[in-house]
There are 2 protein chains.
Amino acid sequence: MSNNNQKSVILSDQVQSPLNKLEPLTRKVFLSLNPPGPQDNRADVDQIRQVLERSCGGFVYVPLAMMPKIPSICRGANWQLTATVADTGHAWELIDIEPGDTAQEHYGLAIDIGTTTVVVYLINLCDGTVLKHAADYNDQIAMGEDLLTRIRHASEPGGLASLKSAVLNTLNRLIKRLYPLPTETSKITAAAIGANTTMIHLLLGLDPASICRAPYTPVVNNPGLIPAGEIGLDIAPLAPVYCLPSIGSFLGGDVIGGILVSGMHQQSDISLFVDIGTNGEIVLGNEEWLVACAGAAGPALEGGVTTYGMRAEPGAVDHVSIDPKTGWVNYSTVGNFPARGICGSGLVDTLAGLFLSGIINRTARFQNGQKEFVIVPAHEAASGEDIVVSQVDINNFMATKGAVNAATDLLIENVGCDWREISHFYAAGAFGQYLPIESAVTIGLYPDLPRTAIVRLGNSSGEAARQVLLSRCKRLEAEGIAGKVTYFELNANSAFMDKFVSSKFLPHTDLDRYPSVRGRLLEVFADKS
Amino acid sequence: MSNNNQKSVILSDQVQSPLNKLEPLTRKVFLSLNPPGPQDNRADVDQIRQVLERSCGGFVYVPLAMMPKIPSICRGANWQLTATVADTGHAWELIDIEPGDTAQEHYGLAIDIGTTTVVVYLINLCDGTVLKHAADYNDQIAMGEDLLTRIRHASEPGGLASLKSAVLNTLNRLIKRLYPLPTETSKITAAAIGANTTMIHLLLGLDPASICRAPYTPVVNNPGLIPAGEIGLDIAPLAPVYCLPSIGSFLGGDVIGGILVSGMHQQSDISLFVDIGTNGEIVLGNEEWLVACAGAAGPALEGGVTTYGMRAEPGAVDHVSIDPKTGWVNYSTVGNFPARGICGSGLVDTLAGLFLSGIINRTARFQNGQKEFVIVPAHEAASGEDIVVSQVDINNFMATKGAVNAATDLLIENVGCDWREISHFYAAGAFGQYLPIESAVTIGLYPDLPRTAIVRLGNSSGEAARQVLLSRCKRLEAEGIAGKVTYFELNANSAFMDKFVSSKFLPHTDLDRYPSVRGRLLEVFADKS
């Protein structure tokens, strides 16, 4: 495990299911050609095009950039060569040609560009497996932690260009890390990207200004296939890059990807999908309808709202348990390093523990005048001072949790269904991968469903990128999802503020919705009394 | 008439027939879009793509290069704009977007790249008319007059690049001449090119070495559509450039174009097509079969083989008549300037006159020990010395004429038909446009057919470029012709030399094939005696 919070980037085994049929964005075809002679004096390019058209069953376009090298490769390799063709949706395009049979060396990238973290997966396009991955912070952070700041920065002179090159630098650095020799990265011939709408705009050099200005229309939701060289990605210049389509300014390809990976759009039962990172997105629906809302979630789960908050890096307190009887604390840290702060999962554990111990009440307030709670005593902490959770920290966290609850409830009400009808809960992103399920249910961040109905999707944006990289069906499915989701505008809704204000209870305003938590509370109180 | 032998570049009215249906390489579509609002918040690019897909009835690709300017053009033009889309054969591609309704300003180029002369026609894509044209020598001449020299030059270090930039400089200079303001050339959104195989290779920067090396396979015969920016043409960078397909190293798109313009490939009768420029190509056939041969013709008709030979520039003797009784000469010059030399048409007239006057005999030899014949006496000539035609000049010309006759006869024999079956004769290029028909028949350069069956196609390569620029059917037709022509190899054929040696008679070895010439000879001799 590296120190670049790789914890949050591994594709969950649960969702990395084998695809029915591999139809990657690019295909490699071994060609054994006729050396030209009196019997067959077709031009080199024409012969290759004709052979490929037979093999691919459709029109094959040979770009001018490919033509000059074809004669020498043909002759140097004794007319045995391997062509890479890209699926353009309605035809094929020759994007690489290599001497000999290299059909088994076929690589693509699945890319997840988060506002905070960027992850690149090297995929074997022959069998769909992840060969390697690399993750790092998005270099754009230097120009603003959140999307709004970056969108503002983009409107300054040179701002858009510097944001674009920051994310490109991040990506190209990661690609190099996957392939020790830089020259070999040109053998990567396809890429798919899951990212929010703003990240896609900044990567493509498109002005994101309209994303945060009414009527909130992006420049593009579905950019189609773009040659890597036009974007600036250091892989084969003609490699097609597919961006998961967005639904709008606030629902990006990462969310479409999450839905795709969950499969909720193909189930008759109603599911709830929640992705909380720097932004939060909630989707409700089934095979017939999908409704979604979104908003800035704040960095609650990325450790940003508490005094001692930090990301899940070495030294972060990631698991906490509090004995309800004694109030004694047990904790662990990432990598077993001396504690430096508390990350999201540690905070959720802490809140659940404080609540079940009665140290905070249902409105998340400390009892008996207490002001803070010590998780790590000074002598165990790396800094030599107590690591604590204060009332202010808890209030900040409760704002995020309350917003999620309010938005979910509003969405459910709005479509006229009942929370009892929800049969699956999908948790995406860091939120989905590492939060302790029991604690998350205890504080009401997760719904109180049978635990088998709670599915953690891991990095569903990255996994969706892998799936669309490998499967034409999945690309069509993603576009189908994008066309099906109805966006529910929270900000325009006054009921949201009412719900938000009344949502700041542990686990929820309506305790009936949390029977298992009620049961544990009763247990604890029974034990105490 | 300019001094850049524009005489040879004007499209013959006879062949510049209106096309049944205009389906140019690019289409302009006026779009009146919905400004985005709560009811329609599609992304700008997506809305344009969807509207265009409805209008074009197929997939429309929006390249990344187009995306950044779309939002500002939409807003600046109050959502009234004109899109230019290119027909890629299997889909459409957005290549330009302009504010307002500019659908009536729609321009393309028809280009004829000859080894010697380059002509560019500005075409109104709304109605197919030629608005303007410009012609000049191919700058490549500085690197060699003939194809072989240029192919050799291309193999030297930097040679290919300098040949490519020479023809590009020529083209871009001519394009600027069509449009007084250089910036406006970006409004030209399509081009089609007729040229021989070597010219296309040099323009595209492809190594032509294999063209003159067995088994004579070009890099490409059918390059498909290439964006102008990738070639280096100074028009809209994404403008599609269509090259008329070649059949092989020695039969280029200019010949396919000639066949296309003649229509011989759609007639049940057998036609003969001859294009003699720096190279010569002969095609025989009908709607069922087409056989063609080719070879270096030498510059006989471009004025290069005679001591006083020159191109059809001001001061060139272009028409000559010799009184059979007195031997007196009447001549005219291009632009009525003092005579500087003799061009192809003047030479053909001279030979016919000398023959009919009995000054040269059927083997084209001067009678009675005469060594040369004065066309322009010293006191009328610009240089102050006699302009003459010598026996050596005549012999050189007879070599070209003999080669054409030998090749034609061999082709006819080879397909097992008889010269009496030929019902139409099509003469392309300079050879076709300006040679005096009667003189050309007299010396046997043209067959002795009813004069209405002799069709001069003018610049058929340029006209074919205009047709494929304007019509999808014509593009498919050109590709159909390319797939149908059988190449007949002259060099591999020992019968060719036999025929060649026996072909140097005026008008032909077999006088029975020239009944009208026989008649005139009899007339002249009757008058004389």
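State, to one decimal in nm and shortest first, how far the label point of A:Q391 sits from each corresponding label point in the other identical copies (label point: 7 angstrom along Cα-to-Cβ).
Distances between equivalent label points, in nm: 12.5.
In nm, what is the difference between 0.36 nm times the number of residues separating A:V415 and A:D498 and their Cα-Cα distance?
So the extension gain works out to 28.1 nm.
Which residues make up the longest stretch of chain A that has no GluC sites (Glu not before Pro) in a DSSP loop with at most 15 other Cβ atoms within 10 Å?
Within chain A, the longest run free of exposed GluC sites (Glu not before Pro) spans A:106-286.
I'm a student and want to see the number: the projected area of the Cα convex hull of segment B:173-253, averaged over all directions, in nm².
5.1 nm²
Using unit Cβ charges (K, R positive; D, E negative) and no other charged atoms, how large, in debye to the nearest 20, is the dipole of chain B about its Cα centre?
Roughly 300 debye, rounded to the nearest 20.
Considering all alpha-carbon pairs of segment B:152-294, what whole percent are spaced by more than 28 angstrom?
Counting every Cα pair in segment B:152-294, those more than 28 Å apart make up 27 percent.
Rg (Å, one decimal) plus Dmax (Å, integer) for the alpha carbons of segment B:399-442?
Using the Cα atoms of segment B:399-442, the pair Rg, Dmax is 11.8, 32 Å.
How far is helix A:515-528 tilted off the main Cα axis of chain A, in degrees rounded to 10, range 0 to 90?
In chain A, helix A:515-528 runs at an angle near 40 degrees to the longest axis.
Give me the residues in segment A:189-222 whose solvent-accessible area, probe 1.4 Å, is reduced by at least 40 Å² once all protein chains are included instead of the chain isolated.
A:L206, A:P215, A:T217, A:V219
Which net charge results for the neighbourhood of B:L506, defined as the other residues with beta-carbon distances under 15 angstrom from its beta-carbon, given Lys and Arg at +1 and Asp and Glu at -1?
Summing Lys and Arg as +1 and Asp and Glu as -1 gives +1.
Pulled fully out, how much extra length does the chain show between A:R75 and A:E23, if you take 0.36 nm times their separation in residues and subtract their Cα-Cα distance?
Full-extension gain reported as 15.7 nm.
Just by accessible area at a 1.4 angstrom probe, what is the order of B:C473, A:C417, B:C243 from largest to smallest?
Most to least solvent-accessible, the answer reads B:C473, A:C417, B:C243.
When each copy gets a label point 7 Å from Cα toward the beta-carbon at A:R213, what are the spacings between them in nm, shortest first?
Label-point separations across copies, in nm and ascending: 5.9.
Rolling a 1.4 Å sphere over the protein heavy atoms, what is the accessible area per residue of chain A, to the nearest Å²?
37 Å²
Equivalent-ellipsoid semi-axes (√(5λ), Cα gyration tensor) for the protein assembly as shown, whole Å, largest first?
Those come to 80, 26, 23 Å.
May I ask for the equivalent-ellipsoid semi-axes of chain B, computed as the square root of five times each C-alpha gyration tensor eigenvalue and listed largest first in whole Å?
Calculated on Cα positions only, the semi-axes equal 48, 24, 21 Å.
Whole-Hz ³J(HN,Hα) for each residue in segment A:200-206, computed from phi via Karplus 6.51 cos²θ - 1.76 cosθ + 1.60 with θ = phi - 60°, x for glycine and proline: what do you get?
Once rounded to whole Hz, the list reads 5, 4, 5, 5, 8, x, 9.
What is the distance, in nm, between label points placed 7 Å from the Cα along the Cα-to-Cβ direction at A:I437 and at B:T149?
Modelled inter-label distance: 8.4 nm.
Which residue, chosen from B:P71, B:Y242, B:G309, occupies the Cα position most advanced towards the positive end of the dipole of chain B, where the dipole is computed from +1 (Lys, Arg) and -1 (Asp, Glu) charges on Cβ about the Cα centre?
Of the options given, the answer is B:P71.
Say R0 is 60 Å: what FRET efficiency, to the nearest 0.05, do B:S186 and A:A526 get from their beta-carbon distance?
0.15
Could you compute the FRET efficiency for B:T363 and B:K484, with r as their C-beta to C-beta distance and R0 at 45 Å, rounded to 0.05?
0.70
Under the 0.36 nm per residue contour assumption, what length would be gained going from the current alpha-carbon distance of B:R451 and B:C212 to full extension?
Gain on extension, B:R451 to B:C212, equals 82.3 nm.
Compute for chains A and B the buried accessible surface, both sides summed, probe 1.4 Å, and express it in Å² to the nearest 100.
2800 Å²
Could you give the angle, 0 to 90 degrees to the nearest 10, between helix B:472-484's Cα long axis and the longest principal axis of the Cα atoms of chain B?
Here the helix axis deviates by roughly 50 degrees.
Going 7 Å from the Cα of A:S390 in the Cα-to-Cβ direction, what parts of segment A:305-343 have a backbone nitrogen less than 14 Å from that spot?
A:305-309
Return the FRET efficiency for the residue pair A:L476, A:D40: r is the Cβ-Cβ distance, R0 is 35 Å, and the value is rounded to the nearest 0.05.
0.35
Exposed loop trypsin sites (Lys or Arg not before Pro) only (DSSP loop, at most 15 other Cβ atoms within 10 Å): please give the longest stretch of chain A free of them, not including the sites.
In short, A:22-212.
Round to a whole number: what % of the accessible area of the protein assembly as shown belongs to carbon and sulfur, probe 1.4 Å?
Whole-percent figure for carbon plus sulfur exposure: 52.
Using Cα pairs closer than 8 Å and at least 6 residues apart in sequence, work out the relative contact order for segment B:300-394, in percent.
Worked out over segment B:300-394, it gives 28 percent.
On average, how much area does the Cα convex hull of segment A:26-99 cover when viewed from any direction, in nm²?
If you wrap the Cα atoms of segment A:26-99 in a convex hull and average its projections, you get 4.5 nm².
Round to the nearest 10 and report in Å² the accessible area of A:C212, as given by a 1.4 Å probe over the protein chains' heavy atoms.
60 Å²
How big is segment A:55-161 by the Kirkwood estimate over distinct Cα pairs, in Å?
It works out to 17.5 Å.
Let me check against my output: what whole-number percent is the relative contact order of chain B, with C-alpha pairs under 8 Å and at least 6 apart?
After rounding, I find 15 percent.
Give, rounded to the nearest 20 debye, the magnitude of the charge dipole that the protein assembly as shown has about its Cα centre when Lys and Arg contribute +1 at Cβ and Asp and Glu contribute -1 at Cβ.
Taking the Cα centre of the protein assembly as shown as origin, the dipole is about 420 debye.
When we measure straight from the Cα of B:K69, which lysines land under 23 angstrom away, once same-chain ones fewer than 8 places off are left out?
Answer for B:K69, where 23 Å is the Cα cut-off: A:K164, B:K28, B:K187, listed by chain and number.
How far apart, in nm, are the 7 Å Cα→Cβ label points at B:A161 and A:A382?
Taking the two extended label points, one gets 5.3 nm.
Counting only protein chains, not ligands or nucleic acids, how are B:V415, A:V291 ordered by accessible area (probe 1.4 Å), most first?
Descending order: B:V415, A:V291.
If eta is 1.002 mPa s and T is 20 °C, what Stokes-Einstein diffusion coefficient results for segment B:300-394, Kirkwood Rh from Cα pairs, in µm²/s?
166 µm²/s
Need one word for segment B:426-494: rounded, prolate or oblate. Basis is the Cα gyration tensor (sqrt eigenvalues a ≥ b ≥ c); a/c below 1.5 gives rounded, then a/b vs b/c decides.
oblate
Which residues of segment A:71-91 bury at least 40 Å² of accessible area once all protein chains are present, versus their chain alone (1.4 Å probe)?
A:H90
Excluding same-chain residues fewer than 8 positions from B:K401, which lysines have a Cα within less than 22 Å of its Cα?
B:K371, B:K499, B:K504
Helix B:460-470: angle to the longest alpha-carbon principal axis of chain B, degrees 0 to 90, nearest 10?
20 degrees
Taking only C-alpha pairs under 8 Å that are 6+ residues apart, what is the relative contact order of segment A:26-99 in percent?
40 percent
The values are calculated or read from the model by the stated rules, or taken from the named source; none is laboratory data. Quantities reported herein were computed from a predicted structural model and do not represent experimental measurements. Neighbour counts are summed over all protein chains in view; Cβ atoms, including those assigned to glycine, are modelled from backbone coordinates with ideal geometry. For accessibility, only protein heavy atoms count, side chains too; no ligands or nucleic acids. Shrake-Rupley method; radii C 1.70, N 1.55, O 1.52, S 1.80 Å.
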